[in-house]
Amino acid sequence: LENFMCHENLKIDFDLAKNNCFFIGGCNGSGKSALFASLNLGLGGKGSSNDRGNSVKNYIKFGESRSKIRILLTNSGYGNHPDYGEKIAIERIISSRNQSSYLIKSVFQEGRTFREKLVSTRKSDLDQLLSRFGIQLNNPVFWMSQDRSRAFLQDFKPDKIYKLFVIATGLDCTRKCYDTVASYLLDMENIQDSIHEILVEKKT
């Protein structure tokens, strides 16, 4: 992290060779929420998803004009992306003009050193990567900020619990896909009926 919220320059190494689950602790104001927000925003999340306003420029450290988030994703094992090396580097640069730019790089090892190759600068390619790896930024089970957790627990009603369940399990996406397919099917049936009418008229 560079100039992100309270962090001027921070690097954290999640040692996946030893652990696959991490707990982040610290005193109030130490930057735990900032780290949580950086993971979300660094992967293309919205400012409104992290309880610090709707604008991503609000996450730039006070007095600075830009912020940079760099995240390394492991790209090995089942489901790895063939266009990238052992790791995928995702960089998001946020400017005080509320503009963002992305750099998606392939990280591969040559001898004892790691090299990087720029693959894309498009947000759409980042979205495809997240979909491939099953990273769901809009899923409340994946990403629930401190304020949203507090609000959810204060208003613990059955309808909200059910809505959370539907979103968390992906049933809402399944329903949208079903509705889309049903709409396409109806359109094709209408086209088929129109073609049938034209053929009947030609025969008569």
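Where the centre of each part is set by its Cα atoms, how far does segment 123-152 sit from segment 155-188, in angstrom? Here the two parts' Cα centres lie 17 Å apart.
Scaled against the 2.2 N^0.38 Å expected of a compact globular protein of N residues, the Cα radius of gyration of the chain reads 1.37. Under the simplified labelling scheme, the Q109-S76 pair shows an inter-label distance of 0.6 nm, with each label point 7 Å from Cα along Cα→Cβ.
Report note on the peptides 120-128, 10-18: ranked by the mean count of other C-beta atoms within 10 Å, highest first, their order is 120-128, 10-18.
Normalising the average separation of contacting C-alpha pairs (under 8 angstrom, six or more residues apart) by the number of residues puts the relative contact order of the chain at 14 percent. With 23 Å as the limit on Cα-Cα distance, the pairs of K57/K87; K32/K160; K18/K123; K32/K87; K57/K176; K87/K123 that go past it are K57/K87; K32/K160; K18/K123; K32/K87; K57/K176.
Within straight-line reach of K117, meaning a Cα separation under 17 Å, sit the following aspartates and glutamates at least 8 residues removed in sequence or on another chain: D83, E86, E91, D125. Helix 158-168 and the longest principal axis of the Cα set of the chain meet at an angle near 90°. The H on the amide N of K61, modeled in the peptide plane, is under 5 Å from the matching H of F4, M5, each at least 5 residues off or on a different chain. Computed from Cα atoms, the angle from the helix 123-133 axis to the main principal axis of the chain rounds to 90 degrees. For the chain, the longest principal axis of the alpha carbon atoms and the long axis of helix 171-203 meet at an angle near 30°. Distance between the 7 Å Cα→Cβ label points at K176 and M188: 2.2 nm. The phi torsions of segment 29-46, fed into the Karplus equation with coefficients 6.51, -1.76 and 1.60 and a -60° offset, translate into couplings of x, 7, x, 5, 5, 5, 5, 4, 5, 5, 5, 5, 5, x, 9, x, x, 8 Hz, rounded to whole numbers, with Gly and Pro shown as x. For N9, neighbours were defined as the other residues whose beta-carbon sits under 14 Å from its Cβ, and their charges (Lys and Arg +1, Asp and Glu -1) total +2. Taking amide hydrogens as placed 1.01 Å from N in the peptide plane, the amide H of V119 sits under 5 Å from those of I104, K105, S106, each at least 5 positions away in sequence or on another chain.
Quick note: the coordinates plus some simple rules give every number you see, no bench work behind them. Note that the structure is predicted; figures quoted are calculated from it, not measured. Every residue, glycine as well, gets a Cβ built from its backbone with ideal geometry; the counts of neighbours run over all protein chains shown.
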